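*Asks:* Please see the structure below; I have some questions.
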Amino acid sequence: MHVKTKTKVILGGIAIAGSLVGLAMATPIIDLASPLLAVGQHSADIKTHNLGQTLSGESFEVSLHTEGPATISTQDAAYTAGGINGWHSHPGVVAVTLIAGSIEWFDENCVKTDYNVGESWTEGSQLHYFRVVGKTGIHLNATFITAKGAALRKDESAPACAAALGLE
């Protein structure tokens, strides 16, 4: 019997909640506390789609589609000042909301995006990294959607651009 394990997720216009512990085979995670608040199994394909409007009347669309069963996990994470998340990717989708503090988030080309309290973003299979900025730590919530049984995170080596920026 062939079991489909490919997961395809499309999240448009929303942010649910990202980072997680993984195997330390590449760049380290520093100063992280990250309990999983909930882990649930969805036993079949997910096919959810909604069209709506924002408060200002603009079109809003969100879709979530998986092929095969999925695991949905919610994490509460805190990093102290100076904490880093290491270079990694995700085998599914993670939506992140920053509850307190500020980070510098870097993509695979070392392009920086600043995120501050109250902001959200999504992550997936693209290589990325973040570090805590400022004199206080951060608090974030993350929701992961992965194929059933898949890891939530894949640690990876830093890209060539990271050394010049001290992002290793």
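*Asks:* What is the local net charge at Tyr115, summed over the other residues whose Cβ is closer than 14 Å to its Cβ (Lys, Arg +1; Asp, Glu -1)?
*Replies:* -3
*Asks:* What does the extension gain come out to for Cys161 and Asn116, with contour length at 0.36 nm per residue minus their alpha carbon separation?
*Replies:* The Cys161-Asn116 span can extend by a further 13.8 nm.
*Asks:* Place a +1 charge on the Cβ of each Lys and Arg in the range 30-163 and a -1 charge on the Cβ of each Asp and Glu, then give the dipole magnitude about the Cα centre in debye, rounded to the nearest 20.
*Replies:* Its charge dipole is roughly 260 debye.
*Asks:* Taking θ as phi - 60°, what are the ³J(HN,Hα) couplings along the range 56-72 by the Karplus curve (6.51, -1.76, 1.60), each to the nearest whole Hz, with x for Gly and Pro?
*Replies:* Working through the residues one at a time gives 8, x, 6, 5, 9, 9, 9, 9, 9, 9, 10, 10, x, x, 10, 10, 10 Hz.
*Asks:* With point charges of +1 on the Cβ of Lys and Arg and -1 on the Cβ of Asp and Glu, referenced to the Cα centre of the range 30-163, which listed residue (Val117, Thr97, Ala81) lies farthest in the positive direction of the dipole?
*Replies:* Looking along the dipole axis, the top candidate is Ala81.
*Asks:* I need the phi-derived Karplus couplings for the range 89-106: 6.51 cos²θ - 1.76 cosθ + 1.60, θ = phi - 60°, integer Hz, Gly and Pro marked x.
*Replies:* Per-residue couplings from phi come out as 9, 10, x, x, 10, 10, 10, 10, 10, 8, 8, 8, x, 9, 10, 10, 10, 10 Hz.
Since every read-out is calculated from the coordinates, none of them should be taken as a lab result. Since the structure is predicted, the reported quantities are computational estimates derived from the model, not experimental observations. Neighbour counts are summed over all protein chains in view; Cβ atoms, including those assigned to glycine, are modelled from backbone coordinates with ideal geometry.
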